[in-house]
Structure formats: structure tokens, C-alpha cells
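Right, one structure below, let's go through it.
Only the coordinates and a few stated rules stand behind these numbers; no lab work does. Worth saying up front: this structure is predicted, and the values here are computed from it rather than measured. In this analysis, Cβ positions are derived from the backbone assuming ideal geometry, glycine residues included, and neighbour counts consider all displayed protein chains.
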Amino acid sequence: MSSPFASSTASSTASSTASSASSTPLPHPAVPQAASDQPPSGDVVRTVPAQGPSAAERHGPSPAPGLRTASAQARYVRPCVTELRLSAFAGHRRARFPLGPVTLFVGASGSGKSSALRAYEALARLGGGAPLGEVFADPAACVPQEARPDAQRRRGFRIGCTADGPGGPVLLDVAVQAEPELRIVGERLSAAGVVLLETALRDPGRRAVQAAWHTGGSAPVTRAPLPDDRLGTALLPLRVAGKTDGQRQVLAAAEQMVVALRSVFACDPQPDWMGVPVPTGSGRLLAGCDNLADVLWRTREECGRRHAQLVAALSAGSTGPVVDLRAEPLADGTLRALLHRADGSRTELARLGYGELRYVALALVLLTGPGVLDVDPAGEVPAAMQTLTLLADGLDRGLDVRQRAELLRLAVRMAERGHIRCVGAVGDEYEAARTEGVTVVHLGP
């Protein structure tokens, strides 16, 4: 059987250059080797140089043994995803995208902006332990159009990322079979040139993959089956004891990757619902931001300083000065949100325009954190060691020039503190290219 990293997306051309890792026994994880396939240039990608870690992200604790060399550059104290790789996914082939504290994908309609963010969100959900079927409801849409089935009529796709942090860069690459049935057929976790985990589908009749992970003791490799519908990296903390240096290296890499992936909030504000009165709930903002009034009811009292910053941001992007944004209870027990203007008037959110409502919601996300957003970060990791990543397709949708510029400046300012990052897709590169601190990834010719 050929490698899942080479054949799960077999093309009609003979240009596949990935190594055939699983046509032979699984490689010894302790032997230094290529951390991931190094594909030739494919998609036309022009980027502003990727921003490195902000001052707040640098100079963290000492790395785990073996993960970062003495010659390493600036260290990230909080794990975060710094590169997205789409070896074969939808319209992308052999693509590598650098991700800075604030990254914008720019390109014409159909250039692949949304699919890049969709792949990032998929990795995040897999890192959080979600089953494959939940993450990819329509897996066939993720297979490159030119991909041809192999002799067993299999087709699939490949995605991956790099998570940097206290232990240095950790690479994850995943091969997914979409047809005839959805399953993970290969996974590779590596750091410092050492493959720490590798899985391969050995028996198509079994719903499991054969996994081998670095041990470094009397038995240099541990082999065991893992389910083929879950990310093996996310399962390692439950399977590895951490008794040897090699096992601790595996655990450090897996935990860094999982923490980086889990703290992602995919947000797409839905203005049609945001102005509707809502019942009192958990006070955690949903992805569509339709319960914004409930969140304001909670956050205005909990953090006056952040609320004041939100009001200032709204005033900067509004048609008139704003002095407050608050929720008030109605007779039926629901809550509605209102803007308080400098002239003493009050405006219900339902009366705001489409772009104004999206601006309000996105500004609120940038100024809050995991405790307010409907995310499931790694609870065992202190908040000070985590970074929330806002993932927003159509970040500029409905916003005017002033609102786009203000929102980008706010994103950069919050990212400088090290607690939040932003990855978005926009249609217009003008403001993005002019904003200092923004990594711009241009897709298309």
C-alpha cells in the first residue's frame, strides 16, 4: 500500500513528489528525518513577510527537552498556529501559508480564501477531539477536482499546520480519505526533524490505523492501533505515560499542538438575528453573535475597562459619537441591546445597518476572551498561556472603509498583547496592505 501522504489524493498527472512512507514499515521515530513533505511551489501566493511573535508572545519558559535548539529565534510563550499547509485540499495544491498575529487572505472570488479558512477550522475541531464525520459534513467537496481515484477507488485530501510555542515549531500533517468512506489514513506529528507520531492504514477492513510513537527507552517505539475517525495527536495525552524523555517529548509536542488548535473561535456575525431580543442565557457569545444582548448584560458589569474600550471602538466606527452600549431587560424577560448616543438618544441594535452590526460583533470578539466566547479551550492550561484565534471568513463583509480600517487597527492592537490572534478573509486588500502589523496572503495570479 502506498503512503497516505502520497496517494490519498492521486492525480491524473505523475507529479506527486511525496515520499512513500507507508509502503515500508513505519519509520523509526527516533531517527531524524524530514518533518513533513516539502512540496514544490503550486498555488501562486505572494505574502507580506509574516510577522513574528509579538513582544507579549516572546520569552516564555524553557522548552521541553529536544524540541528547540539553542540557535532558535524568538520563542512563543503561548502556543499558536504559525503556518497552514494545504498539500491537496479543494482548489489548493502544495500551498503553504504563513500566519502572523493578524493575517488576512486576499484574493478574487473563487481564489480559495474560504477553503483555506475552512481547512484551518477543520484542524481546530479535530484538535478539540471532534469526530471526522462532524468536521467534514461534505468531504467530497474537499477533494481537489483534478484528483483521480486509485485502483481501490479511493480519493482524499491532505492538510496540515505548524504550531509554535515554548517547545519550538511542531508540525502536523493529516491525510484523509473521503471516498469510498471517510477516514483518517495517515497522520504525522514531528518536531526538530524527528517524527514523534506516525499512523498508517494497514487493513482497510478495520476501523483503525496502526500508530507508532517515539518512546526513547528500552523500546524505542511504541505501536498500537488508534481509531481512524479521530486525530491521533489529540489522543496521545491519554495513551502516553510520560516516563521517558522520549515520551515526554511526544507529550510536549502533542499538547502544544492541541492547545494551539483548540483555542479557535470561528465567527460569522448574522445581523438579521443580532437585534432580536434574547432570553438570558450563559453569557457566552455564539458564533453567529445572535445572543449579543445576553453577552453585553454580563460583560458590561464584569469588566468596565474592556467595555469602555468597546464603546470607544464603536464610536470610532459609527456615524455619530457613542457613549455606551448596554443591554436592558424587557417585560417578557428577554434582553435587548441599545446604543446610547452623545445627544442623549438611544438606538436599538435592530435599527442599525448590516455593516454596523457586524462591526459591533467583531469588535466585541476582539476585546473579550475565551471566558466570554463559546469556545472550549484547554482547561488544564492557565489562561495566561493560551492565545485565542479569531477565524473570520468575510471579515470585511458589509463594512465601510472607516470600519474596516478601525477593525484592523483594533485587531493589531489586541494582538500585540499576545492573548488574541486574527485570521480573516477579505475581498479588498487596500486597507490590509496599508496596516502595519498585518500579514497579507495574496491568492491568485
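Sorted largest first, the spans of the alpha carbon positions of region 173-307 along the three principal axes are 61, 40, 24 Å. Dipole magnitude for region 76-164: about 260 debye, using +1 per Lys or Arg Cβ and -1 per Asp or Glu Cβ, origin at the Cα centre. Judged by the mean number of other Cβ atoms found within 10 Å, the most tightly packed of the peptides 142-151, 312-321 leads the ranking 312-321, 142-151. Using a ≥ b ≥ c from the Cα gyration tensor of region 106-150 (square roots of the eigenvalues), is it rounded, prolate or oblate, where a/c under 1.5 gives rounded and otherwise the larger of a/b and b/c decides, a/b for prolate? Verdict is oblate for region 106-150.
Give the Rg/Rh ratio for region 281-423, taking Rg as the radius of gyration of the Cα atoms and Rh as the Kirkwood radius, to two decimals.
So for region 281-423, dividing Rg by the Kirkwood Rh gives 0.95.
Expressed per residue, the C-alpha convex hull volume of region 216-260 stands at 66 Å³.
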